[in-house]
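Report on one structure; see the data block that follows.
The values are calculated or read from the model by the stated rules, or taken from the named source; none is laboratory data. Bear in mind that the values here come from a model prediction, so they are computed numbers and not experimental data. Please note: Cβ atoms are built from the backbone with ideal geometry, for glycine as well, and neighbour counts cover all protein chains shown. SASA here: full protein model, heavy atoms, side chains in, ligands and nucleic acids out. Shrake-Rupley method; radii C 1.70, N 1.55, O 1.52, S 1.80 Å.
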Amino acid sequence: MSEKEEIRPAQITDQDGHPYSAEFGDIYASRQGAVGQALHVFIKGNNLPQAWQNRPEFVILENGFGLGTNFLTTLKTWREDLNRSESLHFVSIEKFPVSKEDLLRFADPDVASETVELVQQWPDCVPGVHRLYFDDGRVVLSLYFMDVAFASKKLALRYDALYLDGFSPAKNDAMWKRSVLTSLSKFAKPEATLATWCVSSHVREDLHNAGFEVQKVQGFGKKSQMTVGIYRPKFSHRRSQEVPYSEKYPDRSLLIIGAGMAGAACACEFARRGWKVTVIDEGRVAASAASAIRYAIAHFQPAGDENLLFRLSRAGFDVLKEISRDFPEYFHLNGLPQIARDETEYKKWERWFQNNKPFQFPHNFLRLLSREEVSDLIGYGTSYGALLHPAAGLVEAGRFVRERLFSSGALCLFNTRVSSLRREEGKWVAYGNAGEELARAAVCILCPGSSLLKIASDNVPVTNWHGRLSLLSGEEFPKLKGAMTGPGYVINDGDNWVGVGATYEREGASMEEREAHRQNAEKLHKMFPNAVFGTAIGFYEGIRSAPSDRLPLIGSVPPGFLIEGFVSEKDSVNDTLFLNTGMGSRGLIFSDLGARIIAAQVTGEPYPIEKDLLDAVNPARFLSRT
Ligand SMILES: Cc1cc2nc3c(=O)[nH]c(=O)nc-3n(C[C@H](O)[C@H](O)[C@H](O)COP(=O)(O)OP(=O)(O)OC[C@H]3O[C@@H](n4cnc5c(N)ncnc54)[C@H](O)[C@@H]3O)c2cc1C
């Protein structure tokens, strides 16, 4: 990320009762009232509430979140409208996020209670897409904390209405550049509307050239005019002609193969949207394979640059944190130390903090602890200092997966193996070992875990890794509580369950038991030089399946990806067969992110992550290289 693209916390001062930006030398909204401006310019200017009435969903894109008045006023208007859309997605781009304190300090009395709701979920100043949920998930606010030029290339959505806000072109021309307006217009649905208080001739001309029919109408307060527009391009993009999903899948039926973390996540995501979900698994119960693990750790993978894994794992971890609120009994997210593997790694981390690279890590996001600090924290002498992930920790994985699958209300067929899939009369039909029909549905998601290897074609670079966690008697670790990661990881549930591991053994080439314990002991000693490995009482073991680039496989099944014996190549061309798999050692943080990506792909909602991250997990990434 270049310096120009870096996000920074907004610096706001009070100027005669109005929030004032020192950065841009301008006030945040009209002196005649921010809510009044939101109602007149953006809501009325986009023909709301009429435009969203009786629609299944409505998507608004905003350039410049500021203090959120446009969002809060839109939320309030939507709530008051009895004919509102089933759901509302509000996506807003902001490079200078405000603080919680400023949101409250400058809250408009007309949206005071909505502001409090916003503040309760307000994210730290961390780049990326942050999702906030209101009204049981019917309203989703996606905050793109990034530079607008950057964001306009990374959006993964199509909108019905565009709010062009932000400081004036004279104060902040980056928001109003032709390239930005042209990029943003490409995400408009046919007949999408736009509104802005800005009447600058170059802005109107650029919007016109980008496909909007624009006109001036009466403005708000002291501004006599404002601009509104309708997207009617001379040449329509291919994506403008997509069929709405309610017409594509009138019966909203979904078949999921695999009842582990990935399958359960998909079941919940679609059941929440009113889909009829059937889950098939060859195991006796849900979470009977890799996801059976009693305790697993969840955290993002920090780095000194904004690489794909850091960004993707942040997005996945945020989704998991949000889900944890519904299942608090299985989540122990009270801090996870990541102990450096050596002095060089610790020094590298120190430089991240000294130079604020890749960005300034907020206190609640990531902290650097010296060896003494981390040893004090966990009550055990460590080899080196650590990173502390304050919001990360331990998850009772197997129980969580079973509970949520049960709570989704999905129909589950256990002890049932799917041998092949066929597309018949617009439905996916699953067949069993004896060629009997098991189930049928409009959409099918494959979550087969390590069984992917049995059905993937030879050119898909996936490896199955046998993982073993040595189980030790808890008595040897009286003070070491919770979870720690680093060169390996250690989990102590405080109730005599201690796991140390885990090994990475190529499936089919597993080592002797004694050697597996020895390798796990070595990992333990790298983290805690004085720890006693003691007597290992056994293993927890499972198979994790990981693509060669260690990123999951999430998205449509590309033709040629699966063997003909499982699904015919001609059948997998129609974008109704998906994969949510290849989770490697990060099933917890990637499963739900994957479910949300697929749900967005099916329903046409905005995606939860940026376009380049979608490409990075798309299963087609491997086939396009061959
Ligand atoms: C030792 C070890 C430690 C780990 N630690 C962590 C950790 O700390 N944190 C973390 O996030 N992850 C961890 N993982 C990884 C995590 O367990 C996996 O990423 C996750 O469980 C994968 O979930 P899944 O749903 O993709 O696969 P699975 O849980 O394996 O589920 C796949 C399901 O598909 C079913 N299936 C497959 N094919 C068919 C078919 N044809 N018909 C019917 N059913 C079928 C299988 O029966 C199985 O139940 C660990 C893994 C191991 C082995």
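Quick notes on this one:
- Count of region 268-299 residues which are more than 11 Å from the ligand (Cβ to nearest atom) and either of a type outside the set (Val, Ile, Thr) or closer than 21 Å to residue 467 by Cα (or both): 9
Conditions tested, residue by residue: (1) among the hydroxyl-bearing types (Ser, Thr, Tyr); (2) open to solvent by less than 20 Å² (accessible area, probe 1.4 Å); (3) farther than 30 Å from residue 351 by Cβ; (4) touching a residue at least 60 places away in the same chain (Cβ under 8 Å).
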{"residue": "385", "(1), (2), (3), (4)": "no, yes, no, no"}
{"residue": "389", "(1), (2), (3), (4)": "no, yes, no, yes"}
{"residue": "393", "(1), (2), (3), (4)": "no, yes, no, yes"}
{"residue": "405", "(1), (2), (3), (4)": "no, yes, yes, yes"}
{"residue": "408", "(1), (2), (3), (4)": "yes, no, yes, yes"}
{"residue": "445", "(1), (2), (3), (4)": "no, yes, yes, yes"}
{"residue": "448", "(1), (2), (3), (4)": "no, no, yes, yes"}
{"residue": "472", "(1), (2), (3), (4)": "no, yes, yes, yes"}
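- Of everything listed in (1) crowded, with 21+ Cβ neighbours inside 10 Å; (2) within 19 Å of residue 295 (Cβ to Cβ), the single unmet condition for residue 399 is (1).
- Selected residue (criterion: farthest from residue 128 (Cα to Cα)) from residues of region 5-22 that are open to solvent by less than 50 Å² (accessible area, probe 1.4 Å) and part of a loop (DSSP other than H, G, I, E, B): 10
- Region 81-104, residues that are over 22 Å from residue 52 (Cβ atoms), touching a residue at least 12 places away in the same chain (Cβ under 8 Å) and over 24 Å from the mean Cα position of the chain (by Cα): 102, 103, 104
- Selected residue [within 16 Å of the ligand (Cβ to nearest atom), out of contact with any Phe, Trp or Tyr (no Cβ under 7 Å at 6 or more places or on another chain), charged (D, E, K, R) and over 30 Å from residue 511 (Cα atoms)] from 564, 569: 564
- As a summary of the residue check, residue 136 satisfies the conditions (1) under 21 Å from residue 323 (Cβ atoms); (2) under 16 Å from the mean Cα position of the chain (by Cα); (3) open to solvent by 10 Å² or more (accessible area, probe 1.4 Å) except for the one numbered (2).
- Counted residues, region 530-578 - those being out of contact with any Gly (no Cβ under 6 Å at 6 or more places or on another chain), of a type in the set (A, V, I, L, M), at pLDDT 90 or above and open to solvent by less than 50 Å² (accessible area, probe 1.4 Å): 6
- Looking across region 366-383, the residues that are open to solvent by 20 Å² or more (accessible area, probe 1.4 Å) and either within 13 Å of the ligand (Cβ to nearest atom) or in contact (Cβ under 8 Å) with a residue 60 or more places away in the chain (or both) come down to 379, 380, 381, 383.
- Scan of region 560-594 for residues that are touching a residue at least 60 places away in the same chain (Cβ under 8 Å), part of a loop (DSSP other than H, G, I, E, B) and out of contact with any strand residue (DSSP E or B) (no Cβ under 8 Å at 6 or more places or on another chain), ordered by number: 560, 586
- Residue 207 being farther than 26 Å from residue 6 by Cα, open to solvent by less than 30 Å² (accessible area, probe 1.4 Å) and assigned to a helix (DSSP H, G or I): yes
- All positions within region 478-508 that are open to solvent by 70 Å² or more (accessible area, probe 1.4 Å) and more than 14 Å from the ligand (Cβ to nearest atom): 478, 479, 481, 495, 496, 508
- Filtered residues of region 23-43 (kept if part of a loop (DSSP other than H, G, I, E, B), open to solvent by less than 40 Å² (accessible area, probe 1.4 Å) and under 14 Å from residue 68 (Cβ atoms)): 29
- Looking only at residues in region 12-65 that are in contact with a Pro (Cβ under 7 Å, 6 or more places away or on another chain) and modelled with pLDDT under 85, the one that is farthest from residue 192 (Cα to Cα) is 27.
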